[in-house]
Amino acid sequence: MNITKIKTRLAHASREELEQIKREFAEDGRKGVVTALKQAERRLLQEEQQRVQFQERSLFEDRYRAQGHQRIAGVDEVGRGPLAGPVVAAAVILPAGFYHPGLTDSKQMSKKQRSAAYQHIQEVAEVAIGIIEPEEIDRINIYQASKQAMQQAVAQLTPDALLVDAMTLDVDLPQESLIKGDARSVSIAAASVIAKETRDTMMEQYAVLYPEYGFDQHAGYGTAQHLQALDRVGVTPIHRKTFKPVLDRL
């Protein structure tokens, strides 16, 4: 069998299939075969490690299910720190048996990984979004705005328990607040991905409306590029006027 056909067999081989192929070619000393077998072994080890990590990040959900809860919503927000744009929260109820390798804190995922996770979650999960605009952020402060965005999202679903990233919500439901929850719970990680992708898309749209600021590059955070644009062009309607770098320029 030529090496191309062997690679095709190995591309999606399970652990059992790989062991069978290794036995078949145990005496084959061709460098291409040896390399292909090693690559397949590394792929399977990585997949097995990802599954173990996913199971570890499902422990909070498993605990709730053991208590009889089935509709467990992960809740997270993005956009506390930027000088411009809204704060966006998401609530996500993942279906039983959901699996997406590499799902974790959206900030630790590449754009390509986030996009793939976003599509998968939107296809199979129940998803809701809460958005608080800059004017309201200025009125009630960013902490309360983040909380309200989360509660907006939760109110659109019918969960029977919540896993919330570093916040306790004013809702009459069992809930657990997890510090760094987006890296510890798959449900919160899913909400993190939905919220970030949603907000990033909004900021890309604002970049078209306000091209001088580069919102598509920094999402409204206080980068040197953003501060220079504030000095040069001034404050826009989507800036948070109570945030000091903006306030200083008013």
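Quick look at the values:
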quantity	calculated
Subset of region 70-113 [open to solvent by 20 Å² or more (accessible area, probe 1.4 Å) and under 26 Å from Tyr210 (Cβ atoms)]	Glu77, Val78, Arg80, Gly81, Lys107, Lys111
Residue in region 171-183 that is surrounded by 22 or more Cβ atoms within 10 Å (Cβ to Cβ) and either within 18 Å of Ile131 (Cβ to Cβ) or not small (Gly, Ala, Ser) (or both) present	yes
Checking Gln67 against (1) over 30 Å from Tyr206 (Cα atoms); (2) open to solvent by less than 90 Å² (accessible area, probe 1.4 Å), the condition it does not meet	(2)
Failed item, numbered, when Arg199 is tested on (1) part of a helix (DSSP H, G or I); (2) open to solvent by 50 Å² or more (accessible area, probe 1.4 Å)	(2)
Residue match in region 22-31 (condition: open to solvent by less than 80 Å² (accessible area, probe 1.4 Å), over 30 Å from Tyr221 (Cβ atoms), free of Cβ contacts under 8 Å to residues at least 40 places away in the same chain and aromatic (Phe, Trp, Tyr))	yes
Test result for Arg63, charged (D, E, K, R), over 21 Å from Leu162 (Cα atoms) and assigned to a helix (DSSP H, G or I)	no
From the options Ala153, Ala149, residue that is out of contact with any Lys or Arg (no Cβ under 9 Å at 6 or more places or on another chain), among the small types (Gly, Ala, Ser) and more than 18 Å from Arg240 (Cβ to Cβ)	Ala153
Wholly within region 73-164, helices (runs of 4 or more DSSP H) carrying at least 1 residues that are more than 22 Å from Ile238 (Cα to Cα) and hydroxyl-bearing (Ser, Thr, Tyr)	111-124
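The values are calculated or read from the model by the stated rules, or taken from the named source; none is laboratory data. Nothing here was measured: the structure is a model prediction, and the numbers come from that model. Cβ coordinates were reconstructed from backbone atoms using ideal geometry, including for glycine residues, and neighbour counts include every protein chain displayed. Each accessible area value is taken on the protein alone, full model and side chains, heavy atoms only, with ligands, DNA and RNA left out. Shrake-Rupley method; radii C 1.70, N 1.55, O 1.52, S 1.80 Å.
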